[in-house]
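Report on the structure given below.
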Amino acid sequence: MSPRARTLVYVVAAALAVALVLALPLGEYLVKLLLQAASYAIAVLGLTVLLGYTGQISLAQAAFFGLGAYGVALGTTTLGLGFLAALILGLVVATLFGIALGSSTLKLGGHYLAMVTISFQQILTLVLTNWISVTGGPDGIRNIARPHLPGIDFENNQVYLAACLALLFAVGGLVALLKSRRLGLAMQAVRDNELAAGVVGINTFRVKIIAFALSALLGGLGGGMFAGAFRYISPDQFAFDDSVVLLTMVLLGGVEAAIGAAIGAGLLILLPEWLRFLKQFYLAVYGAAVILIMVFLPAGIWGLFSRHRVWKPAAPIGPLELDIEAAAGTLLSVRGLAKHFGGVRAVDGVDLDIAQGSVHALIGPNGSGKTTLLNVLSGIYRPTAGSITLNARAVAGLAPHVLAAAGIGRTFQNIRLFHSLSALDNVIIGAERPGSGIAHRAAATARALAALGFVGMAERAGELAASLPYGHQRLVEIARALAGHPVLLLLDEPAAGLNLTEKQELVELLKRLRGHGLTILLIEHDMDLVEQVADRITVLNFGRHIADGSPAEVLRHPEVIAAYLGEVPSHEAA
Ligand code: ADP
Ligand code: MG
């Protein structure tokens with residue numbers, strides 16, 4: 001089905017569902033359950049974006065749900081606002097808190113971030129319970145208003161439910177669309193490999209803040225609709241356990257797709273009703289059912305039905321145009337560069353000049369600081385000392401995405417692809433980086449396909465990165481770097497783990513790149529390969545530069561021979 005046809009089917013299905021809810025005699029009790037499920041599902045969609053797409057954990061979604069609910073409650077009672085104005089107020093407050101929480105990701109990740117979200121959740125519960133003059137305290141707030149629109153009777157629960165469902169379908173559709181947009185791809189890149197995401201030009205901090213903001217916004221939206229639905233709220237509805245329930249819903253339904261949120265919310269609201277006949281065993285069976293589903297379906301219930309569709313290009317793909325400006329002189333100049341880790345002087349006062357259009361090899365025994373040097377050049381580490389000049393611009397200490405925009409592309413010694421995305425999406429993310437001059441998806445796709453074609457991987461564009469053989473993953477990583485219009489390509493042991501045929505293909509690829517005038521800094525252990533492609537060689541040992549020159553000169557250098565004596569070049573990952 002084409003995307004347009006899919007959208008049409010979705011809209012028709014949504015309209016049908018809303019019409020059914022309006023037309024069928026559902027009974028007050030079922031309507032209440034569905035109201036709860038629909039408002040929860042909207043909040044759970046926030047977790048789809050935050051946890052599913054971006055890989056960030058939050059145990060505070062009930063707090064944002066509460067902020068939206070209290071916005072509507074206080075807005076329509078104490079402040080005397082209309083429903084919509086009160087809802088917007090709640091959403092603004094929730095989103096601002098979401099941004100604040102997201103900014104803690106600058107310093108924290110993983111478990112620490114989870115703890116910060118728990119603290120936020122607990123603080124909100126304390127405030128809602130104890131700030132009685134404003135929130136009404138544990139007694140909660142009554143007589144919450146619903147929207148007033150001429151001709152629509154929102155006082156009728158079934159009509160209000162239809163509105164909630166329409167909103168859920170709209171939000172769900174947008175969240176589903178987000179996944180394949182530029183922002184959604186950037187989120188998934190951050191989730192799959194944050195380090196690589198920065199290096200291909202994504203401002204990872206900004207992406208995480210946006211994810212937290214969107215998640216908080218949707219949490220607030222669900223909460224606002226919930227407050228209108230039940231017209232009475234109290235702090236115990238937005239406590240830590242409710243955050244756990246919301247998280248369970250998204251994991252149960254499936255974090256990967258928007259529809260997982262609806263499945264999870266629906267199931268966890270309805271399951272207790274279905275299990276009611278079990279009487280006193282109900283909680284045990286309910287808990288066991290949830291645990292079993294999560295253990296045996298790690299991708300959630302939706303994971304059972306979703307398949308990666310292998311995509312094939314419709315038409316043959318043109319070659320990559322590497323429009324490199326042919327200029328003479330030094331492209332990259334490094335002076336006195338140092339990177340120390342405590343007492344370890346990984347890089348210790350290195351000078352390096354890379355001529356425009358040359359292939360410059362960086363060799364040295366294991367642990368001599370080659371990868372660390374590359375990490376400093378690509379912004380992953382800030383240098384301890386020294387300067388880096390790219391095209392006469394001082395670039396030392398800039399963030400990875402800024403250096404990517406300045407034209408530094410790289411691959412990693414241990415491959416860092418976005419493993420749950422297709423090869424094509426990996427390379428599209430590379431193509432869309434700022435500075436690459438690509439603004440539209442069609443142009444990015446064309447460039448990505450051309451880059452894949454350049455490395456001989458166009459045929460496998462639609463396959464999942466993780467399912468490609470090792471050698472092909474290396475090529476896709478090179479294509480991802482090429483797609484972003486680099487002026488300097490940094491390759492960290494690209495031949496490691498390749499068989500002889502693949503190595504020879506890599507040599508041909510490197511020669512073709514040099515033929516196009518691309519400047520390359522190549523870390524490589526395989527001296528045979530280095531001799532075939534390098535114009536110059538720099539040798540590191542113990543973080544220091546020990547020799548520099550043409551391959552013939554350097555490989556005869558006594559210090560180089562000494563450094564390599566007994567050293568069998570190996571391909572272990574650092
Ligand atoms: P190479 O790529 O030449 O094999 P590396 O740059 O990976 O060498 O490592 C150089 C030295 O720096 C090694 O002694 C390594 O243990 C150390 N090192 C690298 N990264 C770190 C880090 N993040 N923290 C502490 N030490 C590090
Ligand atoms: Mg290394």
Quantify, in whole percent, the carbon and sulfur part of the accessible surface of segment 17-268 (1.4 Å probe; protein heavy atoms only).
70
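With the Cα gyration tensor of segment 1-84 giving a ≥ b ≥ c as the square roots of its eigenvalues, does the rule (a/c under 1.5 for rounded; else a/b larger than b/c for prolate; else oblate) give rounded, prolate or oblate?
Working: a/c = 2.01, a/b = 1.16, b/c = 1.73.
Since a/c reaches 1.5 but b/c is at least a/b, the shape of segment 1-84 is classed as oblate.
Hey, what number do you get for the chain at 222 nm if only DSSP H runs of n ≥ 4 count, each worth -39500 (n - 2.57), divided across all residues, to the nearest 500? Intermediate values should be presented prior to the final figure.
Working: 22 runs with 302 residues, N = 574.
Helix-only estimate at 222 nm: -17000 deg cm²/dmol.
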For segment 345-413, what class follows from the C-alpha gyration tensor (a ≥ b ≥ c being the square roots of its eigenvalues): rounded when a/c is under 1.5, otherwise prolate if a/b is larger than b/c, else oblate?
rounded
For segment 17-268, convex hull of alpha carbons as volume per residue, Å³:
116
Tell me, in nm to one decimal, what length is gained between A466 and T7 on full extension, where the rule is 0.36 nm per residue of separation less the Cα-Cα distance?
162.4 nm
Could you work out how much longer the chain between L174 and T78 gets when fully extended? Use 0.36 nm per residue separation minus the Cα distance between them, nm to one decimal.
31.3 nm
FRET efficiency estimate (nearest 0.05) - Cβ-Cβ, H111 to E553, R0 56 angstrom:
0.60
Relative contact order of segment 449-536, pairs being alpha-carbon contacts under 8 Å that are 6 or more residues apart, as %
27
With the 8 Å Cα cutoff and a minimum separation of six or more residues, the chain has a relative contact order in percent of 16
The percentage of Cα-Cα pairs in segment 330-573 separated by more than 26 Å is 36
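Hey, got the dipole for the chain? About the Cα centre, +1 on K and R Cβ, -1 on D and E Cβ, debye to the nearest 20? Can you show the working numbers first?
Details: 39 positive and 37 negative charges, 227 e Å.
Once rounded to the nearest 20, the dipole reads 1080 debye.
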If you take the square roots of the eigenvalues of the alpha-carbon gyration tensor of segment 130-229 and sort them as a ≥ b ≥ c, do you get rounded (a/c under 1.5), prolate (a/b over b/c) or oblate?
oblate
Find the accessible area per residue for the chain; the probe is 1.4 Å, ligands and nucleic acids are left out, and the unit is Å².
43
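Can you check what the Kirkwood hydrodynamic radius comes to for the chain, Cα pairs only, in Å to one decimal? Could you put the intermediate results ahead of the total?
On the way: mean 1/r = 0.0380 Å⁻¹.
After inverting the pairwise mean of 1/r, the radius is 26.3 Å.
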Scoring segment 17-268 by relative contact order with C-alpha pairs under 8 Å, at least six apart, yields a percentage of 42
Degrees between helix 258-274 axis and first principal axis of the chain (Cα, 0 to 90, nearest 10):
40
What lysines sit close enough to K511 to cross-link, taking a C-alpha to C-alpha distance under 19 Å and skipping anything fewer than 8 places away on the same chain?
K503
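Considering only the other residues whose Cβ falls under 12 Å of the Cβ of A385, what net charge follows from Lys and Arg at +1 and Asp and Glu at -1? Let's see the in-between values first.
Numbers: positive: R335, K339, R345, R382; negative: D348.
Around A385, the surrounding residues sum to +3.
The values are calculated or read from the model by the stated rules, or taken from the named source; none is laboratory data. Note that the coordinates shown come from a computational prediction; the quantities given were computed from them, not determined experimentally. All Cβ positions, even for glycine, are placed from backbone atoms using ideal geometry, and neighbour counts span all protein chains on display. These accessible areas exclude ligands, DNA and RNA; they are computed on the full protein's heavy atoms, side chains included. Shrake-Rupley method; radii C 1.70, N 1.55, O 1.52, S 1.80 Å.
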